[in-house]
Amino acid sequence: MGSFPKIAFEKELHRKYLNRFLHGQIPSYLANMDTTRSVLMYFCIAGLDILNEIDHIPQERKDQMIEWVYSLQVSNNKELVSGFQGSTTMNTREVPSNEMPYEWGHIATTYSCLLTLLILEDDLSRVNRKEIIRSLKALQLEDGSFTAAIQGAESDMRFVFCAASISYILNDWSGIDVDKMVEFILKSISYDGGIGQGPNLESHCGSTFCAIASLSLSDNLHRLSSQQFLNLRRWLLLRLDTGFNGRPNKPTDTCYSFWTGGALKILEAYQFIDSEQNPNFVLMTQDKYGGFSKWVNSTADPMHTYFGLAGLSLMDYGGLNEMFPKLNCTRRVHERLVILHTQWK
Amino acid sequence: MSESTESSSDEGDSQRVLYKNRPEWQDITPLKQDDGDYPVVAIDYTLEFQDCFDYFRAIVHKKEYSERALELTQTAASYNAANFTVWQYRREILKALDKDLHEELKYIEKVILKQTKNYQVWHHRKVLVEWLKDPSKEKYFTEKALSKDAKNYHAWQHRQWVIKTFDLFDGELDYVEQLLKDDVKNNSAWNQRYFVVNNTTGFTEDVLSREIQFTLEKILELQDNESAWNYLRGLLLHDKTGLSRNKTVTEFCESLYKDGSRSPFLLALIVDMCSERAAEDGAGDGNNLYTVARAMELCNSLATNYDTIRAKYWEYTAETIEKQSKGEVVDEASSSTN
């Protein structure tokens, strides 16, 4: 193994980058992120958490941010649409919140909002837990997979993970037919050992992470046969090139340092790789103005910044906060969640 | 991240008249967005964006299903095609006005081809095809998308759905073969090949030997091609005799090895063949090539020469196989499973 030039890890620049997105004005050409602002917020807050910066946010600003997240919560208890919206796009002062059509929770943004609240040290006491779980039930399809909202959304492994995470966070699995969910996951295992977004679809590290994490969160990893388990490990380990890629014969990409790395951690196989190039690849995707991008020499974005940091943390690089991979948050946030669970009993 | 919105004449652009200045919208009171007192991740919306969504909120609240509302959703989608509410509302209008859905297909085709990685626009198309029960344009359409990026997951997902739902498997193997001629490393095409065979003929003995032949030829074209080796393993799942007793495959591997190939994929397959035999009672027949000793040797050369970034994994694999051959319990994680 040759040695590689040391690339500086620009923590301070990343902190500034994430704070610019959080508190500044995002340029108008990114208006196509309008409906997923809460996901964007989650990437920023979660990234700052990995950088151990949450304690440096003034309490007043934390409270404001918590309020903003709660303004996304759907308070309609008549229909099965509870959860969090992705953005304030449909919010208006003239119309009471439950009179606006399409004010529906979205499973991915509900997941992001719950984690954001946890990271900001909210105790989730204002979360409509029962209704969210009741609504979750309406989103599971016949094949065991989940759709994202009561109408108008697609269904795949991403939303299985969101459903499992929401159930785990709220400590209530009554909204999921877990056997059906497991069946869907097992059916999505491909001939090459990896897992696709659904049956027949190509193996992909994003969907593989979602699948394995859902099994782990629901205490069902043992449902994998030992052959499936070994094949998954092999397939995931082979994703390592100069960095991690997401599918065979695809280029390495910063975000897979988490998706692939996290899946390997859950399967207790991360220790089998030993590569100086791996952190180096991620560091090479740093933008000179802060943030990480998908590839070397391309533009940074909050999503790749978060996953770059999360990936480096899995590599135990740079003194970052340790991850709790299956929930896609830091260990300290998970520890707080466990305390909340005991309080809810 | 989704791609940024591109404007074009058919989707409207900066020359568009603001809704608040349009006579046909005078009866509507626009509804301002309430982003709270202290917004987070605020977007510096353009005037046009704000204007459009102010009227969008108002018309949605009125639940108006009209031509002007339909036009408005098109503008809204041009600013943010990832807004699934816009598409949901648009579909309801299309239904209510009994619009020509073939026209809508043409429109969404243009939108998708400009942002081929946007979930919402693909979903819109899927719903239209379901409503029309007409999949006739889908194969050609997905081929257009795949000609821009032959590994686009959305396009493959849509194509598989159409093929499966409407039984359009005919000709698909030829298409896959063409893509593999263009790029033998296209993993999506290999996956599609498996999908087609699995859902049509299945892996009968004849099909299996045909597919093995096909794959071995592709491996000869390019040995360091994980996709082809993975496909080969997928095929061997259907061989009742296991990984290591298909003569065509073992002879092929042995001849590659003799000719000096040390592709990690080749070595890994031989290791797995050895591992399979080691797990069998009595360790197989006398002239068995697939011994524990060979597995150890190959793991060692993978670890030290041919796949060094996974050295620890190959060392661990060697240990596991050795233990297995001695009948010891292996791997804390997998021993509890199965």
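The values are calculated or read from the model by the stated rules, or taken from the named source; none is laboratory data. All values derive from a computational prediction rather than experimental measurement. Cβ: placed from backbone, ideal geometry, glycine included. Neighbour counts: every protein chain shown. Quick note on the areas: whole protein, heavy atoms, side chains included, nothing else; ligands and nucleic acids left out. Shrake-Rupley method; radii C 1.70, N 1.55, O 1.52, S 1.80 Å.
Key figures
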read-out: Residue list for the range B:185-202, filter: buried (at least 18 other Cβ atoms within 10 Å of the Cβ) and not in a helix (DSSP H, G or I); value: B:185, B:186
read-out: Matching residues in the range B:15-47 - criterion: being part of a loop (DSSP other than H, G, I, E, B), charged (D, E, K, R), open to solvent by 50 Å² or more (accessible area, probe 1.4 Å) and more than 9 Å from every other protein chain (Cβ to nearest Cβ); value: B:27
read-out: Test: residue B:141 is among the aromatic types (Phe, Trp, Tyr) and open to solvent by 10 Å² or more (accessible area, probe 1.4 Å); value: no
read-out: Scan of the range B:222-263 for residues that are within 14 Å of chain A (Cβ to nearest Cβ), open to solvent by 30 Å² or more (accessible area, probe 1.4 Å) and either touching a residue at least 24 places away in the same chain (Cβ under 8 Å) or in a helix (DSSP H, G or I) (or both), ordered by number; value: B:222, B:223, B:224, B:233, B:238, B:243
read-out: Failed item, numbered, when residue A:134 is tested on (1) in a loop (DSSP other than H, G, I, E, B); (2) open to solvent by 40 Å² or more (accessible area, probe 1.4 Å); value: (1)
read-out: All helices (runs of 4 or more DSSP H) inside the range B:65-168 with 2 or more residues being within 13 Å of chain A (Cβ to nearest Cβ); value: B:67-79, B:84-96, B:101-114, B:119-132, B:153-165
read-out: Cβ pairs under 7 Å, 6+ apart, first in the range A:40-62 and closer than 18 Å to residue B:37 by Cα, second basic (Lys, Arg); value: none
read-out: Qualifying positions in the range A:268-292 - in a loop (DSSP other than H, G, I, E, B), open to solvent by 30 Å² or more (accessible area, probe 1.4 Å) and over 25 Å from residue A:326 (Cα atoms); value: A:287, A:288, A:289
read-out: Sole residue being without any contact (Cβ under 8 Å) to a residue 40 or more places away in the chain, open to solvent by 50 Å² or more (accessible area, probe 1.4 Å), in contact with a Phe, Trp or Tyr (Cβ under 7 Å, 6 or more places away or on another chain) and not hydroxyl-bearing (Ser, Thr, Tyr), chosen from B:106, B:148, B:126; value: B:126
read-out: Filter result for residue A:65 (facing chain B (nearest Cβ under 9 Å), free of Cβ contacts under 8 Å to residues at least 40 places away in the same chain, on the phi < 0 side of the Ramachandran plot and not hydroxyl-bearing (Ser, Thr, Tyr)); value: no
read-out: Residue pairs meeting the criteria (Cβ under 6 Å; at least 6 apart or on separate chains; first open to solvent by less than 10 Å² (accessible area, probe 1.4 Å), in the range A:93-122; second basic (Lys, Arg)); value: A:120/A:62
read-out: Total residues in the range A:187-205, condition out of contact with any Leu (no Cβ under 9 Å at 6 or more places or on another chain) and part of a loop (DSSP other than H, G, I, E, B); value: 10
read-out: Within the range B:143-172, tally of residues that are hydroxyl-bearing (Ser, Thr, Tyr) and farther than 18 Å from residue A:197 by Cα; value: 1
read-out: Condition broken by residue A:8, with the remaining ones in (1) small (Gly, Ala, Ser); (2) in a helix (DSSP H, G or I); (3) open to solvent by 10 Å² or more (accessible area, probe 1.4 Å) satisfied; value: (2)
read-out: Test: residue in the range A:173-182 that is touching a His at 6+ places or on another chain (Cβ under 8 Å) and either closer than 23 Å to residue A:78 by Cα or within 11 Å of chain B (Cβ to nearest Cβ) (or both); value: no
read-out: Candidate set from the range A:145-191 (those that are touching a Lys or Arg at 6+ places or on another chain (Cβ under 7 Å) and under 30 Å from residue B:272 (Cα atoms)); member that is least open to solvent (accessible area, probe 1.4 Å); value: A:182
read-out: Counted residues, the range A:224-279 - those being without any contact (Cβ under 8 Å) to a residue 12 or more places away in the chain and within 21 Å of the chain's Cα centre (by Cα); value: 1
read-out: Every residue from the range A:206-233 that is among the small types (Gly, Ala, Ser), part of a helix (DSSP H, G or I) and surrounded by fewer than 20 Cβ atoms within 10 Å (Cβ to Cβ); value: A:216, A:226
read-out: Filtered residues of the range A:315-338 (kept if in contact with a strand residue (DSSP E or B) (Cβ under 6 Å, 6 or more places away or on another chain) and in a helix (DSSP H, G or I)); value: A:331, A:334
read-out: Enumeration of residues in the range A:65-100 that are closer than 17 Å to residue A:118 by Cβ and out of contact with any Asp or Glu (no Cβ under 7 Å at 6 or more places or on another chain); value: A:65, A:67, A:68, A:69, A:70, A:72, A:73, A:83, A:84
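Let's see how each residue does on (1) within 26 Å of residue B:307 (Cα to Cα); (2) in contact with a Lys or Arg (Cβ under 9 Å, 6 or more places away or on another chain); (3) at the interface with chain B (Cβ under 9 Å from one of its Cβ atoms); (4) charged (D, E, K, R):
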{"site": "A:197", "(1), (2), (3), (4)": "no, yes, yes, no"}
{"site": "A:215", "(1), (2), (3), (4)": "no, yes, no, no"}
{"site": "A:219", "(1), (2), (3), (4)": "no, no, no, yes"}
{"site": "A:232", "(1), (2), (3), (4)": "yes, no, no, no"}
{"site": "A:244", "(1), (2), (3), (4)": "yes, no, no, no"}
